[in-house]
Structures are given as structure tokens and as C-alpha cells.
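The values are calculated or read from the model by the stated rules, or taken from the named source; none is laboratory data. Quick caveat: nothing in here was measured; it's all calculated off a predicted structure. Cβ placement follows ideal geometry from the backbone for every residue including glycine, while neighbour counts extend to all protein chains displayed.
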């Protein structure tokens with residue numbers, strides 16, 4: 001992301017993802033906010049003493065002219081001038097004082113140790129500072145979220161020029177439903193909230209509900225659309241019962257008889273034993289990944305015989321794989337349909353992405369018939385965004401890259417609708433956007449392995465491309481204003497791409513166009529274990545796994561499986577986390593091919609003793 005965040009209007013080559021309004025609260029203001037919340041249960045504005053300031057402003061305003069309304073010859077315009085002066089004076093006081101407003105990258109974190117982070121330049125922030133935040137999570141959601149947060153950590157970027165501020169919500173952002181963060185609840189419009197006493201001067205802790213303030217925003221189709229990471233999931237409402245001290249003192253105490261403990265049913269015991277067994281297998285899978293040596297056949301051994309008579313094998317291998325964490329709702333829908341029909345259907349978000357891909361293919365065919373030079377660039381962008389979509393490991397990233405693909409489709413539709421005589425400026429703009437996306441990928445994927453001089457050179461190249469995009473935008477604006485605005489939206493959205501946690505192949509010759517690439521895993525008939533750069537994973541998360549397997553080592557079949565994460569450990573020194581997944585839902589064919597794939601790999605290792613680390617499956 002670019003460092004240009006000093007102005008409210010984002011340049012073409014800079015960042016303009018989320019306009020985040022924030023400031024540090026002094027201790028006196030913080031105490032006033034806590035006191036007001038204790039009295040009313042509603043988060044106030046951090047502007048104490050506003051009533052007195054307004055009264056003084058009205059008293060000091062120039063109001064020397066007094067004209068009775070009953071006099072027919074009264075110069076009414078003097079009355080209006082006096083009223084205008086008062087009103088202007090009042091607005092000067094009541095309007096919020098100058099605050100820090102930055103156009104910076106703000107990312108909501110779902111289910112992690114933090115709730116939100118954003119990037120700033122030089123700042124005097126320190127750990128433990130309390131912040132007041134206002135932000136709009138997505139462009140098509142014109143509601144301003146208002147909350148209070150605490151600074152947890154400050155991290156400096158690899159180039160040393162920016163600082164990442166990790167925040168934890170102290171109150172819940174509630175704009176009449178919606179928002180993100182752990183423990184978030186929905187409130188009905190107009191529903192009153194019981195006041196919650198503070199703890200030693202602190203704001204209400206996580207889980208206590210605070211009122212939200214909707215902001216009326218005028219939306220225009222001519223405005224630039226900025227794609228931000230999508231909204232996180234919202235938890236169901238939580239009922240709270242507040243008992244006054246006076247009422248608690250009147251409640252009589254009753255001694256309840258001690259009941260004998262209930263016996264746990266055998267079915268419940270069997271279910272708990274089943275999950276404990278799965279957890280133990282997952283731990284063994286995860287521990288086998290860094291310790292196994294494929295060159296030694298004695299490490300590839302069969303599992304003990306199960307009750308069902310099946311022998312469960314394990315083996316380390318390189319197989320094309322893709323995985324992602326999905327929501328509980330999607331997991332229930334997919335698995336429910338699979339149990340009814342024994343067939344997996346596309347999730348709704350994937351089906352929508354396939355529809356956009358089909359529309360892009362039609363536009364590419366139209367450009368091909370017109371022999372437009374933009375067709376190759378459009379095809380390249382389509383492949384990259386589809387790859388990013390299928391390599392994403394969470395629902396938030398899927399929605400973000402789906403929205404980015406929609407922006408590309410809008411650009412291509414406008415480009416295909418033109419006659420072709422003024423496409424030179426558009427092709428130049430697309431070519432520079434291709435360079436920009438390629439530099440972003442190199443920065444995020446290879447930045448950790450670069451030396452400081454190489455990273456600074458890459459950052460300078462990004463800034464140079466940004467300056468070139470500014471000039472190309474001005475030239476395209478003179479030819480086609482509509483196409484220029486759509487390309488500007490697409491360029492601004494590219495700045496929000498963050499690939500630092502993606503698991504890319506070390507062999508760069510494999511390219512980026514394939515969503516599945518050889519992935520080092522530990523396979524068994526019940527699950528798969530691997531290591532990933534992804535953070536925020538936890539036990540019990542539902543996952544979708546795509547595996548390419550081979551019975552004979554020549555032909556490969558891709559299978560879709562679903563299950564849950566049963567083990568998470570890390571991150572380790574290399575910033576990777578060990579993860580084990582139990583694949584509870586897979587087709588009969590997938591289970592048979594998985595067992596035959598493991599047996600074939602075991603026979604090869606026993607017969608030849610080959611090192612699988614340097615040899616993966618053939619390119620598909």
C-alpha cells in the first residue's frame with residue numbers, strides 16, 4: 001500500500017480504501033465519557049462542555065439591533081442578518097474541532113486477537129492509549145461506526161516508514177446492526193440499553209452493548225467507489241439482566257436441596273470419546289509434518305487397526321491443494337445437502353464468482369472480434385483475480401476479491417462498449433495497472449526475503465507507477481470520463497490487496513495463474529495436516545479443502561472435502577502455524593482414491609526411497 005495518506009482525496013497511485021477518523025482521548029475526556037455512559041447507557045460525543053460553549057457564543061454574537069415585529073416599517077433584513085450572524089457563530093462552535101482524518105488502510109479482523117488495525121506514518125501513539133474511532137466498513141454501507149478502542153501493539157513496516165496500529169474494541173460499534181469484532185451484538189432501532197457501571201474508570205468491557213449513531217450520507221453514482229475488505233459476521237443478540245442493589249437486598253435466600261449427579265448417557269460418552277480420538281489423531285498428524293523424512297521408509301508406517309477393520313496410513317507428500325475457512329452457515333448448508341444427495345454443490349459466493357467469470361469471458365470474446373489490444377490485459381487481470389479468489393483462506397477475502405472482480409467487469413464492459421478509436425489511453429492505463437499489481441505481489445510474497453536496498457527499490461518503483469497512473473488518468477479523463485472513473489475505482493481497490501499471509505509456492509516458475517499448487521502436507525485416510533502463514537485460526541473452524549490425488553501417479557483427480565480444524569499450534573519462528581484438519585464429509589470416491597494414493601506413495605518410498613521434497617505432481 002502506498003504511504004500517501006495525508007489528504008482526504010486519495011490519488012490514483014495512493015491508498016483510499018477506508019477513511020478512518022481517529023484521535024487519542026485525554027484522561028479528563030475519558031472520565032467524562034465514562035461518567036456520561038454510567039448515567040445514560042449511551043456513548044456520548046467526546047466534546048465535554050458543549051452546552052456552555054454554545055451559550056457563550058450566542059451571548060457574544062453581534063445582536064445589537066432589536067426591532068419589534070409589530071412595527072410595519074421595521075427593516076426585516078436586519079433581523080435576518082442578525083439571525084445569520086448568530087447561526088454562523090453557532091455553527092463555528094458546535095462543529096467538531098479539527099481532528100485527525102486520514103485516508104489509510106483499515107482492516108477488520110474476524111476471530112483474531114485484535115479487532116481492527118490501520119497504518120499511519122509518524123505518530124505519538126503508545127501501547128494502552130484509548131482511541132475514538134469512526135469509520136465506514138464498506139462503500140455500499142453508508143453508516144458511520146462509532147466506538148472506542150485501545151491500542152494493543154505497534155508494529156513497524158519492513159521499510160521502516162509506516163507503523164501498524166493494532167486495536168481492541170473497548171465498546172462495540174453498533175450502527176443499527178452490523179459491524180465486526182468478537183462478541184458483537186445487534187440492537188433494534190430505538191431499543192433502550194441498561195447502563196453498565198464502569199470498572200475503575202474504564203470504558204464498558206467487551207460484550208457490553210453501546211448505542212450507535214447512524215450518519216446520513218448522500219450517495220451519488222458519480223462518486224468514486226472504494227472497495228474495502230467486507231463486513232465481518234455478526235453474532236446474535238445477548239440478553240442482559242441488570243439487578244439494582246436495592247432489589248438484590250430484598251430477595252430472600254432459599255436453601256436448595258442437593259441433588260445427586262445425573263448419569264451421562266452412553267451416547268454422549270461415545271460422542272466425546274470420538275472427538276477426543278479425532279483430536280489425538282490430529283495432534284499426531286501435525287507433529288509428523290516437521291519431523292518426517294520421506295527418504296526413510298521406517299517413518300511411513302500404518303496406523304493401529306481400528307474397530308472397523310480399516311488400516312489408516314500416513315505419508316508426507318506434495319499434492320495440489322487449496323483450503324479456506326468458511327462460515328458455520330455455509331458449512332451447515334453444504335454438509336446438509338451432501339448428506340441428503342451425496343453431492344457437493346457450489347457455495348453461493350463461488351457460484352456468483354463463476355457468473356462474473358462467464359461475463360468476463362463474453363467481454364473478452366467481443367474484444368477479440370474487434371482485434372483490440374486490450375484483450376490480453378483483460379485476460380491477465382481475470383486470471384489473477386480468479387486465482388486470488390480461490391486461494392483466499394477466509395470468507396472476508398472471498399468477498400473482497402469478488403468485489404474486485406466486479407469492478408474489473410465494469411471496466412471491461414465500458415471498454416468493450418466503445419468503438420475502438422479512443423482505446424490508446426485506456427490500454428496505457430491498463431498496462432500500468434498490470435505493472436502495479438505485479439509489484440504488489442512481489443512486495444508481499446518476496447518482501448520478507450529481500451534485503452533493505454531491494455525493498456526500497458521496489459517501493460520506489462511502486463511510487464513511480466503511481467505517478468504515471470496520475471498522468472494516465474488525466475489523459476483518459478479528456479477522452480472518456482466514465483471509463484476514467486471506473487478505472488480509477490479499480491486502481492484504488494488494488495491498493496487494498498494484502499498477500500503477506502498467502503502460501504505461495506517457492507518455485508516462482510509455477511506462476512500465479514493456478515489456484516492449486518504442490519503443497520507439502522501429511523496425508524491420512526481421515527484428514528490432512530500442513531503448515532500455513534495464515535493467522536487467527538482456531539480449533540473447531542469449519543474448512544473447505546480441495547485435494548488433487550492420483551492412483552497411478554500419472555492421472556490426477558480433484559476432490560472437494562469439508563471438515564473442521566482439530567489442532568492448531570504456532571506460529572513458529574518462520575511465522576508458520578501447524579494445522580491439522582479432520583475431513584468429515586467427502587465422497588466415497590474421494591475416500592477410496594485418498595487411501596490408494598497413500599498406499600501408492602508408500603510403495604514408491606519403500607521400493608525406491610525417493611525424496612519427495614524436490615518432486616511434486618506433474619503440472620495440470
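Of everything in the range 510-530 that is modelled with pLDDT under 65 and assigned to a loop (DSSP other than H, G, I, E, B), the residue that is farthest from residue 323 (Cα to Cα) is 511.
For residue 470, are the conditions met, namely being within 30 Å of residue 533 (Cα to Cα), modelled with pLDDT under 90 and either in contact with a strand residue (DSSP E or B) (Cβ under 8 Å, 6 or more places away or on another chain) or outside the structural domain of residue 320 (by TED's automatic domain parsing) (or both)? Taking the combined requirement at face value, the residue does not satisfy it.
Just one of the listed residues (454, 485, 425) is loosely packed, with under 15 Cβ neighbours inside 10 Å and part of a helix (DSSP H, G or I), and it is 454. Residues in the range 426-450 that are more than 19 Å from residue 501 (Cα to Cα) and under 29 Å from the mean Cα position of the chain (by Cα): 429, 430, 431, 432, 433, 434, 435, 436.
Looking only at the range 340-379, residues that are crowded, with 18+ Cβ neighbours inside 10 Å, out of contact with any strand residue (DSSP E or B) (no Cβ under 6 Å at 6 or more places or on another chain) and closer than 30 Å to residue 534 by Cβ come to 4 in all. As a summary of the residue check, residue 607 satisfies the conditions (1) in a helix (DSSP H, G or I); (2) touching a residue at least 24 places away in the same chain (Cβ under 8 Å) except for the one numbered (2). Considering (1) touching a strand residue (DSSP E or B) at 6+ places or on another chain (Cβ under 7 Å); (2) at pLDDT below 75, the lone condition that residue 87 does not fulfil carries the number (1). Residues in the range 539-570 that are more than 23 Å from residue 327 (Cα to Cα) and either out of contact with any helix residue (DSSP H, G or I) (no Cβ under 9 Å at 6 or more places or on another chain) or in a loop (DSSP other than H, G, I, E, B) (or both): 8 in all. Take residue 444 and tell me if it is out of contact with any helix residue (DSSP H, G or I) (no Cβ under 7 Å at 6 or more places or on another chain), surrounded by fewer than 20 Cβ atoms within 10 Å (Cβ to Cβ), within 14 Å of residue 159 (Cβ to Cβ) and free of Cβ contacts under 8 Å to residues at least 60 places away in the same chain. Considered against the rule, which asks whether it is out of contact with any helix residue (DSSP H, G or I) (no Cβ under 7 Å at 6 or more places or on another chain), surrounded by fewer than 20 Cβ atoms within 10 Å (Cβ to Cβ), within 14 Å of residue 159 (Cβ to Cβ) and free of Cβ contacts under 8 Å to residues at least 60 places away in the same chain, residue 444 comes out as yes. Within the range 391-413, can one find any residue that is assigned to a helix (DSSP H, G or I) and closer than 15 Å to residue 546 by Cβ? Yes; the residues of the range 391-413 include at least one that is assigned to a helix (DSSP H, G or I) and closer than 15 Å to residue 546 by Cβ. Residues in the range 540-563 that are touching a residue at least 60 places away in the same chain (Cβ under 8 Å), surrounded by fewer than 19 Cβ atoms within 10 Å (Cβ to Cβ) and under 22 Å from the mean Cα position of the chain (by Cα): 1 in all.
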